[in-house]
Amino acid sequence: MLIDVLRDGGSLRAWSFAPTPYFFPDLPIVFIFGYITENVFRTLTLYAIFQTSLLAYLLGKFIRAMEPKMPRPQSYVFSLLALSFLFLIAEKFPLLYFLYFPSVHISAFLTSLWIWPYLKRERVPKYSIFPLLSILTVSDRILILELYLPTLLAWARRYGRWGVSFPLISIRFFATGLIGLGLNSFIKIFLAINSPNKLSTLESISHWWADFFSAILSLKLSGIFLAFAILGGILCLRKGKEAGHSYGFLGYFQLSLCILPPLLGLYSGQNSLKYSLPAIVMVPVLFGILPSIKNQNYLSHSRNFAFLGLIFGLGVFAAFGEEAGQLRNPWESIRPPETVCVDEWKEKDSFVFVLSEPRKARRILTYSEKRVLAYPIDFSTLEGSYSVSNKEWFLFPPEGPIAILPEGLGESRIKSFYGEPSRVLNCESGNGKIWVYDETEKIRDYLQRPIQKTK
């Protein structure tokens with residue numbers, strides 16, 4: 001979106017945003033890093049370093065809030081060890097790579113880690129934190145599940161279920177959430193924000209249970225970590241009364257993120273585990289802390305040594321295993337193969353823009369060094385895909401030949417919809433192909449059909 005609006009002069013009002021628009025803080029941080037580096041790959045690399053560092057710091061503060069008697073340096077060491085462990089197993093559990101990207105609700109997770117220590121002490125700087133929290137709620141409504149609901153349940157468990165004895169700060173806290181939700185509804189008047197794709201509750205639960213049961217039987221890390229996340233939540237609730245209500249908050253946090261997505265119809269497949277990612281991240285933290293609740297000196301240093309040994313073993317495996325990759329320059333940009341192919345042919349051919357399935361279209365638009373325009377089309381209908389895109393791309397496309405990447409769309413289907421291509425360009429750097437159409441009237445009609453249907 002930033003590339004289209006700031007570089008190519010696209011209209012912000014014409015954009016259709018994802019259900020979670022990530023207006024703050026993801027968007028301004030990406031813009032700042034992009035302005036500094038002037039390179040997409042370096043921008044994302046810098047963002048990953050920044051977000052991981054912030055996660056380590058906030059996780060250390062959160063651990064300190066859970067275990068006040070733990071020395072401050074040890075809480076941050078423990079945080080770094082837990083994140084290092086997750087980083088090393090990410091190759092076998094790719095969902096963990098989302099921790100480094102500016103999306104997938106990680107900002108909401110960071111917000112929860114940041115806010116809870118203030119809520120626990122019942123002292124919050126009202127003129128700075130509450131306005132920021134309101135903006136963060138506008139940007140990502142999953143804070144309802146990650147922060148507001150666990151806090152409500154933790155306070156109800158401690159002070160009574162009717163909320164009469166809640167701390168005074170609770171009024172401002174929940175009012176901030178309501179203001180954020182109200183502003184989120186208000187901006188929908190001016191901007192097109194899509195609704196999340198939901199299944200029926202029964203269908204979503206069926207998918208979740210089938211995937212979870214299959215992952216457990218096949219000993220996949222996704223199933224193992226999800227099981228430990230649920231178990232950790234239950235143990236936290238059992239320990240909450242004797243060990244402090246931070247454990248109650250974390251218990252409800254774990255169970256909310258693991259169980260509520262299928263109950264709300266948000267779970268549709270393995271990729272939907274992203275809603276439970278923060279609960280999965282907390283697994284090594286929980287099982288490093290829970291054994292030492294009754295005796296603060298018990299395992300105070302041995303758990304760190306255990307983590308170090310595990311990390312060392314995983315590091316050796318990653319460095320010298322059969323599938324070990326070659327070292328490369330970390331500042332060397334990586335471009336997707338379809339982007340390389342399109343850039344190779346841009347100066348040799350006369351096509352004016354490219355059509356492909358949505359993920360490839362976004363990668364081409366983002367990484368192309370030739371500034372190739374790439375627009376997404378729907379797999380089932382081959383019409384313009386108006387989800388998370390600019391509708392002006394399809395209403396007013398540039399005049400001239402149109403290129404299509406057939407991979408992922410089905411060559412026979414493309415021919416049945418659009419006809420035979422005028423020419424086929426073979427990628428020099430791989431096995432991909434580009435189909436170019438000089439006669440584009442039929443294609444342009446398909447691109448505009450979604451809007452024609454709504455008139």
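FYI, it's all coordinate maths here, none of it is from the lab. Predicted model, so just to flag it, every value in this text is computed and none were measured. Note that each Cβ is placed from the backbone with ideal geometry, even for glycine, and that neighbours are counted across all protein chains shown.
Loop-resident GluC sites (Glu not before Pro) (DSSP state other than H, G, I, E or B) in segment 345-394 with no more than 15 further Cβ atoms inside 10 Å of their Cβ: E347, E369. Here's how it looks for L355: its modeled amide H is under 5 Å from those of Y375, A403, I404, L405, which are all 5 or more places away or on a different chain. Across the chain, the longest piece that holds none of the chymotrypsin sites (Phe, Trp or Tyr not before Pro) lying in DSSP loops with up to 13 other C-beta atoms within 10 Å covers 1-126. Could you list, in their original order, any pairs among K370/K391; K61/K188; K188/K274; K370/K433; K92/K120; K188/K433 whose Cα atoms are separated by more than 28 Å? Pairs exceeding 28 Å: K61/K188; K92/K120; K188/K433. Bridgeable aspartates and glutamates around K346 (alpha carbons under 14 Å apart, same-chain partners fewer than 8 residues away excluded): E338, E369, E428. Ranking S422, S272, V124 by how far each Cα lies toward the positive end of the dipole of the chain (charges on Cβ) leaves V124 at the top.
Full extension of the chain segment joining L217 with V424 gains 69.9 nm, where the gain is 0.36 nm per residue of separation less the Cα-Cα distance. Only one item in (1) 1.17; (2) 1.09; (3) 1.33 matches Cα Rg over 2.2 N^0.38 Å derived from the coordinates shown, and that item is (2). Positive end of the dipole of the chain (Cβ unit charges, origin at the Cα centre): among S204, G408, P337, the Cα lying farthest that way belongs to S204.
Semi-axes of the equivalent ellipsoid for segment 337-454, computed as √(5λ) from the eigenvalues of its C-alpha gyration tensor and ordered from largest down, come to 21, 16, 13 Å. Listed by number, the DSSP H helices of the chain that run 18 Å or longer by alpha-carbon position along their axis and have mean Kyte hydropathy of at least -0.5 are 40-66, 72-89, 106-121, 169-187, 201-217, 221-243, 245-263, 302-320.
With R₀ set to 60 Å, the beta-carbon distance separating Y127 from L264 gives a calculated FRET efficiency near 0.95. Stretched out straight at 0.36 nm per residue, the stretch from K92 to E38 would grow longer than its current Cα-Cα span by 16.2 nm. Think of each Lys and Arg Cβ as +1 and each Asp and Glu Cβ as -1; about the Cα centre, that makes the dipole of segment 187-255 roughly 160 debye. Taking 4.7 Å between beta carbons as the limit, the unpaired Cys residues of the chain are C236, C258. Overall, segment 2-320 carries a charge dipole of about 1100 debye about its Cα centre when +1 sits on the Cβ of Lys and Arg and -1 on the Cβ of Asp and Glu, all other atoms neutral. Using the rule -39500 (n - 2.57) for each DSSP H run of four or more residues, divided by the residues of the chain, the 222 nm mean residue ellipticity is -17500 deg cm²/dmol. Shape class for segment 120-213: oblate, because the ratio a/c of the largest to smallest gyration tensor axis (alpha-carbon atoms, square roots of eigenvalues) is 1.5 or more and b/c is at least a/b. Which one of P73, F41, W15 is farthest out on the positive end of the charge dipole of segment 1-125, using unit charges on Cβ (Lys, Arg +1; Asp, Glu -1) and the Cα centre as origin? Final value for the positive-end residue is P73. Dipole check for segment 337-454: with +1 at the C-beta of Lys and Arg, -1 at the C-beta of Asp and Glu, and the Cα centre as origin, the magnitude is about 340 Debye.
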